[in-house]
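Single-structure report; data block below.
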Amino acid sequence: MALPSREQTFAFANCRELLEKLDREIDRYREVAGRDELLEPDALLRLVDQLKDSAFNASVTAWHLCDWVFNDMTLAQQQKLNLTKLGDLQEHARTSCRALHLCRQAATASKHWIVNQHADPTVQVVVTGETGWTIYFVDGGRKIPAEQVFADALSFWTGFIYTQGIAANQPMTT
């Protein structure tokens, strides 16, 4: 059951639960990344779709944790970190964690077709079957496995949320 103020959130209670969702999305990506067995065309399509879907979901969840974290912060936590508005936290996340910058580029482009604010033409996402099906973020010409990008984003948010005690006293639904 969703909390009264979050009736439209698939019953996620707070940013800690969304952090757990990110961890599950990364696991879903890992389930198929690197697979290289010969498959029938329909099975191969399902595998590549799962790879793309889970990477999309991980990118979107990683970036949108900004919204959840900011809204779960107390006024005292926001003041302590000099975060007066959501954009302040987004800027901090984007500039402090390159993985979140990459996730933001992919999530925004995937959701809105184009990145208008803070666009970074040096960032690309590549889906490839060259050494087993996998996804790479290309950042200024450097290929970074998507799994590493997602793990770095998860690490950033885990440290930020738990170090600052964000949502520590909020009820969990799971």
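Data for the structure
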| quantity | calculated |
| --- | --- |
| Neighbours by Cβ (under 6 Å, 6+ apart or cross-chain): first from the range 74-93, touching a residue at least 12 places away in the same chain (Cβ under 8 Å); second assigned to a helix (DSSP H, G or I) and not small (Gly, Ala, Ser) | Gln77/Gln164; Leu83/Leu89; Leu86/Phe70; Leu89/Cys66; Leu89/Phe70; Gln90/Cys66; Ala93/Cys66; Ala93/Leu100 |
| The lone exception for Phe137 - which of (1) modelled with pLDDT of 85 or more; (2) hydrophobic (A, V, I, L, M, F, W, C); (3) more than 27 Å from Pro41 (Cα to Cα) it fails | (3) |
| Residue match in the range 28-40 (condition: among the charged types (D, E, K, R) and touching an Asp or Glu at 6+ places or on another chain (Cβ under 7 Å)) | yes |
| Among the residues listed as Ala151, Ala168, Ala109, the single one being surrounded by fewer than 20 Cβ atoms within 10 Å (Cβ to Cβ), assigned to a helix (DSSP H, G or I) and at pLDDT below 95 | Ala109 |
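The values are calculated or read from the model by the stated rules, or taken from the named source; none is laboratory data. Remember, predicted model here, so these are calculated numbers, not experimental data. Counting neighbours? That spans all protein chains shown, and the Cβs are built from the backbone with ideal geometry, glycine included.
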